[in-house]
Amino acid sequence: MNLKPETLRRIDDVITHYPVKRSAVLMLLHAIQEDVGYIPQEAIEWVAQKLELQPINVYEVVTFYPMFRQKPIGRRHIKVCRTLSCALMGGYKTCAAFEKEFDTHRGEISPDGEVTIEFVECLASCGTAPVVMIDDDLHEKVDTAKAKQLSDQIKAEAAKRR
Amino acid sequence: MPAPQQRRIIFRHIDEPGYTNDLACYVKHGGYEMLKKALAMQPAAIIDEVKKSGLRGRGGAGFPCGVKWGLVDRKSGKPIYLVVNADESEPGTFKDRYIMHQDPHQLIEGIMISAWANNVKQAYIYIRGEMPHGARILEKAIAEARAANFVGPNILGSAYGCEIYVHRGAGAYICGEETGLIESLEGKRPYPRIKPPYFPAVLGLYQCPTIVNNVETLCHVKHIVEMGGDAYTKIGTPNNTGTRILCVSGHVKNPGYFEYEVGKITMGELLNEVCGGPLPGRKFKAVIPGGSSAKILKFGETFTLKNKDGSTRTLTVEDIPMDFDTLAACGTMGGSGGVIVMDDSVNMVEALANINAFYAHESCGQCTPCREGSLWMKKITTRMVHEKARSEDGALLKSVADQIAGRTICAFGEACSWPTQSFVAKFGDEFKAYPETKNAPKPAGALDLV
């Protein structure tokens, strides 16, 4: 595993938070996913060794929790809330707008590699529906116009980088 | 009629201009004074005040907090843990988010008082994975509080010490169930534990006595210490004391969060006066009063309830006070305080299809009736919307739901059955007619829900 020194430092620190090492599984997986972008097979074995567990103990966690992924995604992660309050305010239209902007379907990496769009369940901001998370940031009242605007921002940032 | 006045205790500083989430601002507003007061009290006296206050859990079940604390096994010789349930995931609920982002020290003070009262030396905040900023804000706030000696060893020069750590979930709704949350905190799949014997108060985290409390509940503890349990009971209504935060979403003009004395505002006042009524040109059709698991209420239906003296009273949906007991008497629940409003643009089959997709996604899969039942309910409602619908589908849905509730380890079985049971019971005609109506022109403003 090639993890950044900062990630390794965080990992060693967080393990001390628990009287039983196994408790740190989720926090380690978060740290690795933030560093690597996903949870590769070798990470599962590395975490198991680090926490004195069997790889299956880690693997069953990775496969259960929706936030952990075993494959890379696009550069930016667009998570559109699908649940009732957002759907009542147009969440499905919002998701379709992002899909159109990036010429992709939810669950796939867009052809330019910039984004992966996903429907997720309730993001606990129902009063400002429809809501969308782009990476770590919550965006509120994302109607189709705002989805276009957010997409344009992502595209502009991508163009600047190229 | 003017809108009833909010009584902001927990949300006193939320959205207040100039109020920041750092320690200096909190202390300037009297922060941590109640921790000082509590440390001068006997732990048992604090528990007594919480018992006297009648505080009921704000996470969903409405269980009395003092009773929960009273059940803790204090003779086992094992450490007692406090776990903060900050896994706010019940669809329609969005109150704890604002406490954690805007006023994290209020939560930390509530945790430290509760920890002292229960001889807890280690507390964990289990926050949803989808709130990364919230986790960072809490970590920063805990570090500030630790530096100021409000958290950590020898708090404020006393012999007492307690540490708090933030633990992040990873997107699973079932982690809001307290024993599932404990399993998750132990680093496992969050399969809820069977009770008995695994009552958290006796066999919780690491098989030690454990208290699991909601964010809002723990914040109330601070205010109970401030005003005393008796004074707290004067707020709200008997057996439904204090304030609670109601989260309104869906089809109203002004959705949002509102803190009221429990039971001092009715559903009609909340939706029509506080939230500005329905969207232009629309009418209210139905409302889910306490998070998506709560049974739906249909505008136009009435409830005949018994008074204490044996007489009866009849309530419309608009008349229902937003408390725990009346909502329960009307066959639903106050739950987590998440009020989801649907107007006449909504087709109830499609709304249920949306909800069923949620529960099928979130069933942990441990108990067969729930794993299979939630999936079949989703398959049926999705088929009704996107493929062929049959007039007998409502009855089929009900039969599946009836076979889940009461047959599972945790309350998810009920949570996933109640929407189907109540939608079909109250909107049965709409389900029967759906094969014909689904292809008719949609009302103005109708949106895809699934």
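The values are calculated or read from the model by the stated rules, or taken from the named source; none is laboratory data. As the structure is a prediction and not an experimental result, all values here were calculated from the model. Don't worry about glycine lacking a Cβ; one is built from the backbone with ideal geometry, like all the others, and counts go over all protein chains shown.
Yes/no matrix, rows are residues, columns are (1) more than 14 Å from chain B (Cβ to nearest Cβ); (2) of a type in the set (Gly, Ala, Ser):
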{"site": "A:121", "(1), (2)": "no, no"}
{"site": "A:137", "(1), (2)": "no, no"}
{"site": "A:154", "(1), (2)": "yes, no"}
{"site": "A:158", "(1), (2)": "yes, yes"}
- Does at least one position in the stretch B:16-33 carry a residue that is surrounded by fewer than 17 Cβ atoms within 10 Å (Cβ to Cβ) and under 22 Å from the mean Cα position of the chain (by Cα)? no
- Item | Residue ID - farthest from residue B:102 (Cα to Cα), chosen from residues in the stretch B:207-235 that are out of contact with any Lys or Arg (no Cβ under 7 Å at 6 or more places or on another chain) and assigned to a strand (DSSP E or B) | B:210
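This table checks each residue for (1) assigned to a strand (DSSP E or B); (2) within 14 Å of another protein chain (Cβ to nearest Cβ); (3) hydroxyl-bearing (Ser, Thr, Tyr).
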| site | (1), (2), (3) |
| --- | --- |
| B:300 | no, no, no |
| B:305 | yes, no, no |
| B:314 | yes, no, yes |
| B:335 | no, yes, no |
| B:358 | no, yes, no |
| B:365 | no, yes, no |
| B:373 | no, no, no |
- Note on the structure: Residue count, the stretch B:427-443, condition away from every other protein chain (no Cβ under 14 Å) and either under 21 Å from the mean Cα position of the chain (by Cα) or closer than 20 Å to residue A:88 by Cα (or both), comes to 9
- Query: Which condition number does residue B:309 fail, the rest of (1) part of a strand (DSSP E or B); (2) without any contact (Cβ under 8 Å) to a residue 60 or more places away in the chain being met?
  - Reply: (1)
- Does residue B:166 fit the bill of being in contact (Cβ under 8 Å) with a residue 60 or more places away in the chain, among the β-branched types (Val, Ile, Thr) and out of contact with any Lys or Arg (no Cβ under 7 Å at 6 or more places or on another chain)? no
- Which ones in the stretch A:127-153 are assigned to a strand (DSSP E or B) and aliphatic (A, V, I, L, M)? A:132, A:133, A:134, A:138
- Message: Here's a check for you: in the stretch B:234-251, which residue that is among the hydroxyl-bearing types (Ser, Thr, Tyr) and under 15 Å from the mean Cα position of the chain (by Cα) is farthest from the other protein chains (Cβ to nearest Cβ)?
- Response: B:243
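Quick grid of which residues meet (1) under 30 Å from residue B:47 (Cα atoms); (2) aliphatic (A, V, I, L, M):
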site	(1), (2)
B:218	yes, yes
B:234	yes, no
B:250	no, no
B:290	yes, no
- Note on the structure: Counting only residues in the stretch B:333-377 that are buried (at least 22 other Cβ atoms within 10 Å of the Cβ) and hydroxyl-bearing (Ser, Thr, Tyr), the one farthest from residue B:278 (Cα to Cα) is identified as B:363
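Okay, residues lined up against (1) within 14 Å of another protein chain (Cβ to nearest Cβ); (2) within 20 Å of the chain's Cα centre (by Cα); (3) surrounded by fewer than 22 Cβ atoms within 10 Å (Cβ to Cβ); (4) of a type outside the set (S, T, N, Q):
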{"position": "B:161", "(1), (2), (3), (4)": "no, no, yes, yes"}
{"position": "B:169", "(1), (2), (3), (4)": "yes, yes, no, yes"}
{"position": "B:178", "(1), (2), (3), (4)": "no, yes, no, yes"}
{"position": "B:194", "(1), (2), (3), (4)": "no, no, yes, yes"}
{"position": "B:197", "(1), (2), (3), (4)": "no, no, yes, yes"}
{"position": "B:200", "(1), (2), (3), (4)": "no, yes, no, yes"}
{"position": "B:203", "(1), (2), (3), (4)": "no, no, yes, yes"}
{"position": "B:215", "(1), (2), (3), (4)": "yes, yes, no, yes"}
- Test for residue B:154: is it within 13 Å of residue B:32 (Cβ to Cβ), assigned by TED's automatic domain parsing to the domain that holds residue B:105 and in contact with a Gly (Cβ under 8 Å, 6 or more places away or on another chain): no
- Task: Consider only pairs whose beta carbons are under 8 Å apart and that are at least six residues apart or on different chains; among these, list those whose first residue lies in the stretch A:64-79 and is in the same structural domain as residue A:139 (by TED's automatic domain parsing) and whose second residue is among the aromatic types (Phe, Trp, Tyr) and at pLDDT below 95.
- Result: none
- Item | helices (runs of 4 or more DSSP H) completely within the stretch A:17-118 that count 3 or more residues being within 30 Å of residue B:448 (Cβ to Cβ) and within 13 Å of chain B (Cβ to nearest Cβ) | A:84-88, A:91-101
- Task: Inspect the stretch B:323-332 for any residue being assigned by TED's automatic domain parsing to the domain that holds residue B:273, surrounded by 24 or more Cβ atoms within 10 Å (Cβ to Cβ) and not in a helix (DSSP H, G or I) and give the result as yes or no.
- Result: yes
- Message: Go through (1) at positive phi; (2) outside any loop (DSSP other than H, G, I, E, B) for residue B:24 and report which single condition fails.
- Response: (1)
- Query: When the residues of the stretch A:19-56 are filtered to those that are hydrophobic (A, V, I, L, M, F, W, C) and loosely packed, with under 15 Cβ neighbours inside 10 Å, which remaining residue is farthest from residue B:168 (Cα to Cα)?
  - Reply: A:56
- Filtering the stretch B:91-125 for residues that are more than 23 Å from residue A:85 (Cβ to Cβ), buried (at least 24 other Cβ atoms within 10 Å of the Cβ) and within 10 Å of chain A (Cβ to nearest Cβ) leaves a count of 1
- Among (1) surrounded by 14 or more Cβ atoms within 10 Å (Cβ to Cβ); (2) more than 30 Å from residue B:188 (Cβ to Cβ); (3) over 13 Å from the mean Cα position of the chain (by Cα); (4) touching a residue at least 12 places away in the same chain (Cβ under 8 Å), where does residue A:92 come up short? (4)
- Message: Residue under question is residue B:371, and the condition is that it be over 27 Å from the mean Cα position of the chain (by Cα) and basic (Lys, Arg); does it hold?
- Response: no
- Go through the residues of the stretch A:7-18 one by one and say whether even a single one is surrounded by 22 or more Cβ atoms within 10 Å (Cβ to Cβ) and farther than 30 Å from residue B:255 by Cα. yes
- Which one is farthest from the chain's Cα centre (by Cα) among residues in the stretch B:49-90 that are within 14 Å of chain A (Cβ to nearest Cβ) and of a type in the set (Ser, Thr, Tyr)? B:81
- May I ask you to say which residue of B:210, B:302, B:314 is out of contact with any helix residue (DSSP H, G or I) (no Cβ under 9 Å at 6 or more places or on another chain), farther than 22 Å from residue B:93 by Cβ and either assigned by TED's automatic domain parsing to the domain that holds residue B:114 or surrounded by fewer than 16 Cβ atoms within 10 Å (Cβ to Cβ) (or both)? B:314
